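**Q** First, the structure itself, so that you have it in front of you.
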Amino acid sequence: MANPNSTTIKFQSGEQIPVELHKVRIVQKLFLKPIEERMQAIEKAGFNTFLLNTKDIFLDMLTDSGTNAMSDNQVSSMLQADDAYAGSQSFYKMEQALQDVFGKHYVLPVHQGRAAENIISQVFIKKGDVIPMNYHFTTTKEHMELNGGKVLEIYTDEALKIKSDVPFKGNIDIDKLKSVFAEYGKDHVAFVRMEASTNLIGGQPFSMQNLRDVKKIAEENDTMLVLDASLIGENAYFIKKREPEFRDAEIKDILLEMCSYADLVYFSSRKVSSTRGGGIVTNSKDLFLKMRDLLVLFEGFLTYGGMSVREIEAMAVGINETCDDTVISQSPSFIEYAVNSLDAAGVPVITPAGALGCHVDSMGFLPHIPQEAYPAGALAAAMYIISGVRGMERGTISSVRDENCNDILADVELLRLAFPRRVFTLSQTMFVVDRLKWLYKNRELVGGLKWVEEPPLLRFFMGRLTSTTDWPQKLVAKFKEDFGESL
Ligand SMILES: *Cc1c(COP(=O)(O)O)cnc(C)c1O
């Protein structure tokens with residue numbers, strides 16, 4: 001059944017087209033630079049899209065973190081902010097909004113999502129503990145390991161398949177969860193972590209039923225369930241769309257039910273409420289008190305947690321807007337359009353379409369590049385060169401090395417093209433699809449990458465690489481031959 005509040009609308013042709021259910025009132029000028037300049041820019045950036053300057057970028061699809069468009073109501077709320085170190089009225093507004101949306105009483109504000117991970121990991125993980133989860137996130141894993149914990153990914157067999165029509169690839173495998181408790185014993189399981197719309201495996205959601213089953217096992221073992229809610233709005237949207245029981249449910253009620261199973265909910269507000277900041281919420285006074293002192297130590301006083309009062313105001317408004325179908329469906333609708341168009345053209349992308357972005361399977365796209373030469377990084381660089389579109393490598397470069405200094409080859413090599421909420425239009429989306437299709441036709445021209453400068457920790461952020469051959473020059477020459485110009 002069509003969702004009357006969805007952003008996708010049927011045209012006369014029968015085609016489902018995403019339509020912007022908002023109008024643009026403030027704009028930012030963009031530049032599409034000639035391909036020769038883009039080529040110089042990526043060389044200067046060490047073939048790492050994180051090191052590009054946005055003046056050289058046409059469509060910035062690096063991430064949805066801190067890049068969602070704010071609403072008029074969010075921007076205007078920032079003018080009313082109450083500047084105070086302690087007891088700011090802005091905080092109490094935000095606290096109320098978070099209590100309403102997440103159904104949790106105690107609110108700990110932090111400056112962004114990873115700050116919540118830092119506090120939770122320090123307080124609840126002891127050396128030798130394991131943390132079972134549907135899938136890790138980069139900063140989550142680092143924080144857990146820094147505190148002596150070990151991440152156990154217990155996804156289902158379907159999770160890493162590129163092409164699939166399984167609606168909930170973000171589910172935890174319940175049998176594996178039972179085995180974790182049997183093998184390690186509940187005293188060595190710090191907590192169970194569920195990540196909404198699993199970021200690193202294609203923005204794939206979990207189902208409510210799976211969350212209920214996970215909760216049951218956790219409860220039987222007196223173990224906390226922690227929910228990473230950074231992309232919870234989208235996960236709720238997919239539950240409504242794909243889980244029959246929730247077809248007629250309100251997003252607001254789905255969110256409340258999801259959070260009701262978690263002892264702790266933490267989030268990056270850069271994503272879930274289209275502003276900066278983040279937070280941890282819980283109904284347990286005991287858990288709140290365990291985290292409170294670290295909050296003051298690392299983030300700031302309890303009523304601002306490292307955020308500015310303006311961001312706090314915008315978060316209060318933004319978190320409520322996440323419950324609006326037309327807001328929360330926008331990004332998934334555009335992603336679905338891009339994914340289905342690319343899939344129809346034979347370009348390997350993760351299906352079904354998920355949250356956050358369009359995820360291109362780089363091993364399927366560039367089978368001639370071995371994982372040691374970083375196909376996803378090469379594809380990100382090639383896509384930028386030929387289109388000015390900046391995506392993010394989510395593969396082996398985003399991973400680490402083992403104790404023998406060998407790369408730990410990633411399960412999947414993805415180029416992620418993020419669709420921050422309400423930022424890009426349909427013609428821009430069509431441009432992305434068109435250029436990716438061209439690149440796919442010319443894929444043999446793309447070669448690998450190798451390190452020039454490799455930092456030991458989170459190397460994907462700051463590391464510099466170079467091309468293994470002169471493939472970028474050949475790609476530029478072919479582009480100019482085919483398009484007859486440099487744009
Ligand atoms: C982005 C993200 C984080 C970290 O949030 P930041 O605000 O960028 O620090 C944590 N978990 C998930 C699932 C995320 O997507």
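**Q** Is there any pair linking a residue in the stretch 89-118 that is among the polar types (S, T, N, Q) to one that is within 10 Å of the ligand (Cβ to nearest atom) and not in a helix (DSSP H, G or I), with Cβ under 9 Å and at least six apart or on different chains, and which?
**A** Final answer for the pair search is Gln112/Ser65; Gln112/Gly66; Gln112/Ser268; Gln112/Arg276; Gln112/Gly277; Gln112/Gly278; Asn118/Val110.
**Q** Identify all residues within the stretch 258-285 that are of a type in the set (Ser, Thr, Tyr) and either within 13 Å of the ligand (Cβ to nearest atom) or in a strand (DSSP E or B) (or both); write none if there are none.
**A** Our first condition is that a residue be of a type in the set (Ser, Thr, Tyr); within the stretch 258-285, this holds for 260-261, 266, 268-269, 273-275, 282, 284.
Of everything in the stretch 258-285, those that are of a type in the set (Ser, Thr, Tyr) and either within 13 Å of the ligand (Cβ to nearest atom) or in a strand (DSSP E or B) (or both) turn out to be Tyr266, Ser268, Ser269, Ser273, Ser274, Thr275, Thr282.
**Q** Please give the number of the condition Glu15 fails out of (1) touching a residue at least 40 places away in the same chain (Cβ under 8 Å); (2) more than 16 Å from the ligand (Cβ to nearest atom).
**A** The single condition Glu15 does not satisfy is (1).
**Q** Select from the stretch 397-407 the residues that are touching a helix residue (DSSP H, G or I) at 6+ places or on another chain (Cβ under 8 Å) and within 23 Å of Ala355 (Cβ to Cβ) and write down the one among them that is surrounded by the most Cβ atoms within 10 Å (Cβ to Cβ).
**A** Ile397
**Q** Here's a follow-up. What pairs can you find where one residue is in the stretch 193-204 and on the phi > 0 side of the Ramachandran plot, the other is more than 8 Å from the ligand (Cβ to nearest atom) and at pLDDT below 95, and their Cβ atoms are less than 8 Å apart, with a gap of 6+ or different chains?
**A** Matching pairs, first to second residue: Gly202/Val412.
**Q** Also, quick follow-up: Would you confirm whether or not the stretch 436-452 contains a residue that is under 19 Å from Leu62 (Cβ atoms) and within 23 Å of the chain's Cα centre (by Cα)? Steps first, please.
**A** Step one: filter the stretch 436-452 for residues under 19 Å from Leu62 (Cβ atoms), giving 436, 439, 449.
Okay, now just the ones that are also within 23 Å of the chain's Cα centre (by Cα), so 436.
Checking the stretch 436-452: at least one residue is under 19 Å from Leu62 (Cβ atoms) and within 23 Å of the chain's Cα centre (by Cα).
**Q** So which residues in the stretch 408-437 are modelled with pLDDT of 95 or more, surrounded by fewer than 21 Cβ atoms within 10 Å (Cβ to Cβ) and among the acidic types (Asp, Glu)?
**A** Passing the criteria: only Asp434.
**Q** Further, regarding this structure: For residues that are out of contact with any helix residue (DSSP H, G or I) (no Cβ under 8 Å at 6 or more places or on another chain) and assigned to a loop (DSSP other than H, G, I, E, B), tally how many sit in the stretch 366-396.
**A** 2
**Q** Confirm whether Ala353 is crowded, with 23+ Cβ neighbours inside 10 Å, within 23 Å of Thr322 (Cβ to Cβ) and more than 16 Å from the ligand (Cβ to nearest atom). Write out each step before concluding.
**A** Values: crowded, with 23+ Cβ neighbours inside 10 Å: yes; within 23 Å of Thr322 (Cβ to Cβ): yes; more than 16 Å from the ligand (Cβ to nearest atom): yes.
In short, yes.
**Q** If the requirement is being touching a residue at least 24 places away in the same chain (Cβ under 8 Å), closer than 30 Å to Tyr374 by Cα, within 16 Å of the ligand (Cβ to nearest atom) and not acidic (Asp, Glu), which of these qualifies: Gly46, Gly66? Reasoning before the result, please.
**A** Details: Gly46 fails: within 16 Å of the ligand (Cβ to nearest atom).
That would be Gly66, the only listed residue that is touching a residue at least 24 places away in the same chain (Cβ under 8 Å), closer than 30 Å to Tyr374 by Cα, within 16 Å of the ligand (Cβ to nearest atom) and not acidic (Asp, Glu).
**Q** For residues that are more than 15 Å from the chain's Cα centre (by Cα) and small (Gly, Ala, Ser), tally how many sit in the stretch 180-235. Break it down into steps so the answer makes sense when it comes.
**A** Our first condition is that a residue be more than 15 Å from the chain's Cα centre (by Cα); within the stretch 180-235, this holds for 180-193, 207-226.
Checking the rest, the ones that are also small (Gly, Ala, Ser) come to 182, 185, 190, 207, 218.
Summing the residues that are more than 15 Å from the chain's Cα centre (by Cα) and small (Gly, Ala, Ser) in the stretch 180-235 gives 5.
The values are calculated or read from the model by the stated rules, or taken from the named source; none is laboratory data. In this text, all values refer to a predicted model and were calculated from it rather than measured experimentally. We place every Cβ from the backbone using ideal geometry, glycine too, and count neighbours over all the protein chains shown.
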